[in-house]
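Worksheet: the structure to be examined is printed underneath.
The values are calculated or read from the model by the stated rules, or taken from the named source; none is laboratory data. What you see is a predicted model, and the numbers here were worked out from it, not measured in a lab. Note that we place each Cβ from the backbone using ideal geometry, even for glycine, and neighbour counts take in every protein chain shown. Keep in mind that these areas ignore ligands, DNA and RNA; they rest on the heavy atoms of the full protein, side chains included. Shrake-Rupley method; radii C 1.70, N 1.55, O 1.52, S 1.80 Å.
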Amino acid sequence: MEFRMGIQSYSLRGFDFERAVAVTSELNLGYLEVYPGHLPPDRESISYTKGLLERHGIWMIAYGVVHLTGDEGQTRPLFEFAREMGIEMLSADPEPGSFDLLDGLVEEFGVAVGIHNHGPGHRYADVRTIEEAIEGHNEMIGVCLDTGHLARVGEDPVEAVYAFEGRLHGVHLKDVDRDGHDVVLGTGIVDVERFIKALEDVGFEGPMVLEYELQPEDPIPGIRRSLEFLGEITS
C-alpha cells in the first residue's frame, strides 16, 4: 500500500516558509502539513502560497495544530482557509465546547478535524480521552495520531490505529526513546513496522507526515535517515 507521505513543516521550523517548501521538494515528498508558525491562515496570502506550492509540486494537504473554539466567528475562517487551499484535514486541539459547531463545519466544508494527542498532561493525551470526545459526533471529527506522543504516555500506537479505524484522519510519524526524547525514526521504542502494517490493515488513506523535532537549525540529515528507514520497511 502506498501512503501519501509528507512532512510536518514544524520539522523545518528553522527555515522560513519558502525554504521549507523547497526542502520538502528536495526530499522528494509531495505532501506538506503546514504549522501556523510558518503560515498564518491569512486569506490574503492564498494566491501567493498556491503559486509557491505549485512551483515545487507540493500539496498542502493538512494544516495545524490549530486551536478550535465554539466561537463560529473564530473557527469558520479556518475552514474557509482550508477549503480555499485544498486542505483535507485540520490537525487540532478543539475545546470541549466546540464539537457541536464542528459537526456542522466539517460537513459544510468537507474538511476533516483530526484531534492531535499532545503527550502527557494534555487534555487529549490518550486513546480514551479522544474516544470520549468524539463519541456521537460527525465521523469527519476523528484523530491525527502522533506516534511519539502516544508512546510517551505508555500506549501502543498500533492498538490506537485499530481503535480509531474509520476515524483516523492523519498521522504524525515520529519516534522516541525510553525517556521520551525524540530520536531518528526506527531507533526508538515505537514499532514503526507494526504501525505501518496496522495502517495497511485498516486501509488508512489520510496524510502521513514525518515530524522530526531534533536539530531545528540543521534537521535535514536526521530527516533523510528517518525517510531512508521508512523506505526500507515499506519497499
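Identify all residues within segment 67-98 that are in a helix (DSSP H, G or I) and acidic (Asp, Glu); write none if there are none. Full working, then the answer.
Going through segment 67-98, the residues in a helix (DSSP H, G or I) turn out to be 72-85, 96-98.
Of everything in segment 67-98, those that are in a helix (DSSP H, G or I) and acidic (Asp, Glu) turn out to be 72, 80, 84.
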inquiry  = Based on this model, can you work out whether residue 114 counts as buried (at least 16 other Cβ atoms within 10 Å of the Cβ), modelled with pLDDT under 95 and either β-branched (Val, Ile, Thr) or within 16 Å of the chain's Cα centre (by Cα) (or both)?
reply    = no
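Do you know which of the residues in segment 10-43 that are farther than 20 Å from residue 224 by Cβ and in a helix (DSSP H, G or I) is least open to solvent (accessible area, probe 1.4 Å)? Please lay out each step first, then the result.
Restricting attention to segment 10-43, the residues satisfying the condition of being farther than 20 Å from residue 224 by Cβ are 16-18, 34-43.
Now drop any that are not in a helix (DSSP H, G or I), which leaves 17-18, 43.
Values: 17: 20, 18: 97, 43: 118 Å².
The qualifying residue least open to solvent (accessible area, probe 1.4 Å) is 17.
So if I check each of 7, 58, which one is under 15 Å from residue 91 (Cα atoms) and open to solvent by less than 20 Å² (accessible area, probe 1.4 Å)?
Numbers: 58 fails: under 15 Å from residue 91 (Cα atoms).
Going through 7, 58 in turn, just one is under 15 Å from residue 91 (Cα atoms) and open to solvent by less than 20 Å² (accessible area, probe 1.4 Å): 7.
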inquiry  = Anything in segment 163-181 that is under 21 Å from residue 115 (Cβ atoms) and open to solvent by 30 Å² or more (accessible area, probe 1.4 Å)? List them, or say none.
reply    = 163, 165, 166, 167, 169
inquiry  = Going by what's in this entry, would residue 64 be described as out of contact with any Lys or Arg (no Cβ under 8 Å at 6 or more places or on another chain), under 25 Å from residue 138 (Cβ atoms) and in a strand (DSSP E or B)?
reply    = yes
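Residues are listed down the side, and each one gets a yes or a no for (1) at pLDDT 95 or above; (2) among the hydrophobic types (A, V, I, L, M, F, W, C); (3) within 15 Å of the chain's Cα centre (by Cα):
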| position | (1), (2), (3) |
| --- | --- |
| 175 | yes, no, yes |
| 179 | yes, no, no |
| 185 | yes, yes, no |
| 189 | yes, yes, no |
| 195 | yes, yes, no |
| 198 | yes, yes, no |
task = Could you please find all residues in segment 69-100 being farther than 11 Å from residue 141 by Cα and among the hydrophobic types (A, V, I, L, M, F, W, C)?
result = 78, 79, 81, 82, 85, 87
ask   = Before we move on, is residue 214 open to solvent by 40 Å² or more (accessible area, probe 1.4 Å), under 11 Å from residue 11 (Cβ atoms) and in contact with a helix residue (DSSP H, G or I) (Cβ under 8 Å, 6 or more places away or on another chain)?
value = yes
query = Do any residues in segment 191-202 that are in contact (Cβ under 8 Å) with a residue 60 or more places away in the chain have Cβ atoms under 7 Å from those of residues that are open to solvent by less than 10 Å² (accessible area, probe 1.4 Å) and assigned to a helix (DSSP H, G or I), where the two are at least six apart or on different chains, and which pairs are they?
reply = 199/161
